[in-house]
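**Q** Okay, here's the structure, questions in a sec.
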Amino acid sequence: MPMIEGAAPLEGARSVLLLGGTTEAFRLAQLFANEPGVDIITSLAGRTSSPRQPAGRLRVGGFGGADGLAEFLVSESIQAVIDATHPFAATITDHAVYAAQRTGIPLLLLSRSPWEKTEQDQWIDVPDIETAVSSVPRRARVLLAVGRQEAPAFAKRMDCWFLTRMMEPPDALVPPGKVLVERPRDNADEECALMSDNRINCVVSKNSGGPGYAKIEAASWMGLPVIMVAQPPKPDAQRVSIVGDAAVWIRRLFGL
């Protein structure tokens, strides 16, 4: 069973389970780092080998499904849950909604709004990864920016060449081409240069919102099509998209 690391909270502090792994979760934990009335416990799934250390207490590892998460909330006397996981982490979000309903503990989804298409964009909107795989044009040279878990689905497209970018080295079959282990670049000029150097003529991306937009902007500048995978449907739960609004929710909930 994963342990919670970090100093014990002050007596009387309200415990908040923050399902993290995103920039938004990191920032929210930082906001409450010096607030003695709130005990933030950030939970990470453990898929990244060297995650940034958030402020407050930390738990790394799974819960054993939705029922396991519900049991954790009760056993640790959690008084609120904020799901600030990646917009495409649909399973943990579903588990959080179930666990909150089962235990009666307040839940907030802190979820990025998707990027919005402009008149200059040449997006091919698709509902899921499998549709994205079949939508890649024949013999395309593709910048593939869908993450380490989803990239193997494109390995069957042997007719194409992929520049597959991921933050961690691959642990499964990757599409034909080249693997680039790095975070998304923040500068559209750099992304243009990367695409030009590799003769990219198509981009595949998940519509994650937030950071990582530079590649989309670069594709627009270069007139390249972007196969854009839509975010999964959101469950029926209270939701905000801004870190500051999540902080206000916590303070109002606890009367701080």
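The values are calculated or read from the model by the stated rules, or taken from the named source; none is laboratory data. Computed from a predicted model, the values in this text were never measured in an experiment. Cβ placement follows ideal geometry from the backbone for every residue including glycine, while neighbour counts extend to all protein chains displayed.
**Q** Counting only residues that are closer than 23 Å to Ile92 by Cα, give me the helices (runs of 4 or more DSSP H) lying completely in the stretch 162-256 with at least 1 of them.
**A** On the way: elements: 188-197, 214-222, 243-254.
Filter on the stretch 162-256 gives 243-254.
**Q** Follow-up question, since we're still on this one. Scan Glu24, Glu71 and give me the residue that is free of Cβ contacts under 8 Å to residues at least 24 places away in the same chain and either touching a Leu at 6+ places or on another chain (Cβ under 7 Å) or not assigned by TED's automatic domain parsing to the domain that holds Arg148 (or both). Spell out how you get there, then give the answer.
**A** Working: Glu24 fails: free of Cβ contacts under 8 Å to residues at least 24 places away in the same chain.
None of the other options fit; the residue is Glu71.
**Q** Of these, Ala96, Ala100, which one is crowded, with 22+ Cβ neighbours inside 10 Å, over 20 Å from the mean Cα position of the chain (by Cα) and part of a helix (DSSP H, G or I)?
**A** On the way: Ala96 fails: over 20 Å from the mean Cα position of the chain (by Cα).
Exactly one residue qualifies, and that residue is Ala100.
**Q** Only residues in the stretch 234-256 that are within 11 Å of Ser111 (Cα to Cα) count as the first member; pair them with residues that are of a type in the set (Lys, Arg) and not in a helix (DSSP H, G or I), Cβ under 7 angstrom, at least 6 apart or cross-chain, and list the lot.
**A** Ser241/Arg112
**Q** Any residue at all in the stretch 26-45 that's surrounded by fewer than 22 Cβ atoms within 10 Å (Cβ to Cβ), in a strand (DSSP E or B) and more than 19 Å from the chain's Cα centre (by Cα)?
**A** Looking through the stretch 26-45, none of the residues is surrounded by fewer than 22 Cβ atoms within 10 Å (Cβ to Cβ), in a strand (DSSP E or B) and more than 19 Å from the chain's Cα centre (by Cα).
Matching residues to (1) at negative phi; (2) surrounded by 14 or more Cβ atoms within 10 Å (Cβ to Cβ); (3) touching a Gly at 6+ places or on another chain (Cβ under 8 Å):
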site	(1), (2), (3)
Leu143	yes, yes, no
Gly147	no, yes, no
Ala153	yes, yes, no
Lys156	yes, no, no
Val179	yes, yes, no
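**Q** Find the residue count for the stretch 1-20, including only residues that are assigned to a strand (DSSP E or B) and at pLDDT 90 or above.
**A** Total satisfying the criteria: 6.
Yes/no per residue for (1) of a type outside the set (Gly, Ala, Ser); (2) part of a loop (DSSP other than H, G, I, E, B):
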residue	(1), (2)
Asp67	yes, no
Ser77	no, yes
Glu116	yes, yes
Ala132	no, no
Arg138	yes, yes
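**Q** Return a yes/no flag: does the stretch 218-232 have any residue that is surrounded by fewer than 17 Cβ atoms within 10 Å (Cβ to Cβ), touching a Ser or Thr at 6+ places or on another chain (Cβ under 9 Å) and touching a residue at least 40 places away in the same chain (Cβ under 8 Å).
**A** Within the stretch 218-232 (the criterion being surrounded by fewer than 17 Cβ atoms within 10 Å (Cβ to Cβ), touching a Ser or Thr at 6+ places or on another chain (Cβ under 9 Å) and touching a residue at least 40 places away in the same chain (Cβ under 8 Å)), the answer is yes, since at least one residue qualifies.
**Q** Please find, among Phe88, Phe32, the residue that is farther than 27 Å from Gln149 by Cα, among the aromatic types (Phe, Trp, Tyr) and either in contact (Cβ under 8 Å) with a residue 60 or more places away in the chain or assigned by TED's automatic domain parsing to the domain that holds Leu224 (or both).
**A** Details: Phe88 fails: farther than 27 Å from Gln149 by Cα.
Just a single option satisfies the conditions, and that option is Phe32.
**Q** Against the definition (over 23 Å from Phe26 (Cα atoms) and in contact with a strand residue (DSSP E or B) (Cβ under 9 Å, 6 or more places away or on another chain)), how does Arg239 come out, yes or no?
**A** No: the conditions fail for Arg239.
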